[in-house]
Amino acid sequence: MDLDVVTEMDGMMPPPYRPSESDRDDESVYCLCPFDTEDLEDYEPGGFHPVHLGDTYDNRYKVVHKLGFGGFSIVWLARDPDKQQWVALKIIKANESPTYESRSVVTNHKHVHPLDPRLFAMPIRNFWIDGPNGRHLCIVLPVLGPNLSSLSTGFFSRLQPAFVKTVSLQAGQALVALHANGICHGDFTANNIALRLVVGLNGYDEADIVGLFGEPQKSPVMLYSGKSPRPHAPDYSLRLLDFRSSTTNLLTDKVCIIDLTNPSPRARHQTVPGYPRSEDLFFDYDTGTPADVLQQIAKTIDGLHEEWRWTRFDDDGRAVLEGGEPIYLAEETTSPEEQIQGIFDEPHTRSINLEGEDVEPVDVPLTVFEEFNLRRVPYPEVFGEIIWKPTAVCIDGGFVIGYENVELMAKAFPKISAEEGPVLRDLLSKIFVHDPAHRIKAEDLVRHSWFH
């Protein structure tokens, strides 16, 4: 699994990528992808290495599918025939490769105790390749499942409450291990917490993988000139392998922490662009391990321009620097207690009324948009203890497939219990503390009653 992975989500389909008229030329790369993909403009000297299905690397690893991508690398599912096992082959951008190893905590940090490979993604081996875009570091890793962020996408996909407690506790235990070694992860979010796969994965061959998940979905990569995208870009882009698309569950309830390439004793020096960071980075706080605690739960805005903090908005949502009023202030409309008590859960059946009562299923006509119709299809039952799909529940004779009617879910779905709400509120109040000196420590966090 990619250590800085971004996986496809169940939200609105991203528009096809095309360079803007102002900056494109005949050699611009584009792809009319009906799915999210890596930045195709990074297929250039110094950028990504072009990979095709069936390619073999180091005379050993045969590429079978794509697992993930990030700003610095792409991760491929590959078969190692020498050991009859599946591996994740992470190929780093050429211009990032020379310093990538030195930034990795798992190979360079002097630990008090070795990191537990059950909790952290530890490389199996590294090697180098030369390609049309330069020299690339390749890291062989164990294959991991999706990260938690990709499984929890608003009302499109939600984690089951009991599962959340299980994986959150493990994440907290991993945090304790890092801090005990004096390591601050610096980007400890759901994006960097992945699920382990079942032990029997290596018993599947290539045909089995196709049988489980179908043939990899391709979309042609093109140049505006009409020429071949080779040698710098691949002939096609691949949709990520979706572990939820099979009726066989390969996911476990065990987590693995990824992206250990930018740790430091102080989170202030974090340099990963575009990722959520602790609010401590905006203030004159001595950050470090307390920032990790906050980031385990919080995803805060990153690097706002100073004047934006005081921007007001008119009734149409346009920013006005002078005058105007905020559209709303959440703290004035809903208390933390009310927000927590509004956390909803999966109903017992897939057809309910506005009061949450079970009703007979009705025949709801399909829409003309296939994407919307797919949102009404529940996940296979084998994933029932891990995730569920709110958009697959028929509410009062219809399906909520967009944000405009999401309040129907809040009204009809069962809520967090009156007993659990205050306990969760207590935990969050200890995490969301402005001064890191007064924020709960990782070792105390995992002992909190909400987890037990």
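Among the residues examined, Leu159 qualifies as touching a residue at least 24 places away in the same chain (Cβ under 8 Å) and buried (at least 16 other Cβ atoms within 10 Å of the Cβ). Against the conditions (1) at pLDDT below 95; (2) hydrophobic (A, V, I, L, M, F, W, C); (3) more than 21 Å from Ile257 (Cα to Cα); (4) surrounded by 22 or more Cβ atoms within 10 Å (Cβ to Cβ), Ala94 satisfies every one except (1). Of all the residues in the stretch 366-383, those that are at pLDDT 95 or above, among the hydrophobic types (A, V, I, L, M, F, W, C) and part of a helix (DSSP H, G or I) number 2. Cβ-Cβ under 7 Å, sequence separation 6+ or interchain: first residue in the stretch 376-398 and within 12 Å of Ala412 (Cβ to Cβ), partner aromatic (Phe, Trp, Tyr). Which pairs? Short answer, once both residue conditions are applied: Pro390/Phe155. Each residue in the stretch 61-87 was checked for being modelled with pLDDT under 95 and closer than 14 Å to Pro142 by Cα, and 3 of them qualify.
If the condition is being crowded, with 21+ Cβ neighbours inside 10 Å and more than 27 Å from Cys256 (Cα to Cα), then the stretch 181-227 contributes only Val221.
For the stretch 161-258, please list each of the strands (runs of 3 or more DSSP E) lying entirely inside it that holds at least 2 residues being of a type in the set (A, V, I, L, M). The qualifying strands (runs of 3 or more DSSP E) are 193-197, 218-223, 251-257. Taking the numbered list (1) outside any strand (DSSP E or B); (2) in contact (Cβ under 8 Å) with a residue 24 or more places away in the chain in turn, Ile139 passes all entries but (1).
Could you list, in sequence order, the residues of the stretch 115-157 that are closer than 30 Å to Arg376 by Cα and in contact with an Asp or Glu (Cβ under 6 Å, 6 or more places away or on another chain)? The answer is Thr153, Phe156, Ser157. For the stretch 364-377, state whether one or more residues are outside the structural domain of Leu195 (by TED's automatic domain parsing) and in contact with a His (Cβ under 8 Å, 6 or more places away or on another chain). No, because not a single residue in the stretch 364-377 is outside the structural domain of Leu195 (by TED's automatic domain parsing) and in contact with a His (Cβ under 8 Å, 6 or more places away or on another chain).
The values are calculated or read from the model by the stated rules, or taken from the named source; none is laboratory data. Note that the coordinates shown come from a computational prediction; the quantities given were computed from them, not determined experimentally. Here the Cβ is made from the backbone with ideal geometry for all residues, glycine too, and neighbour counts use every protein chain on show.
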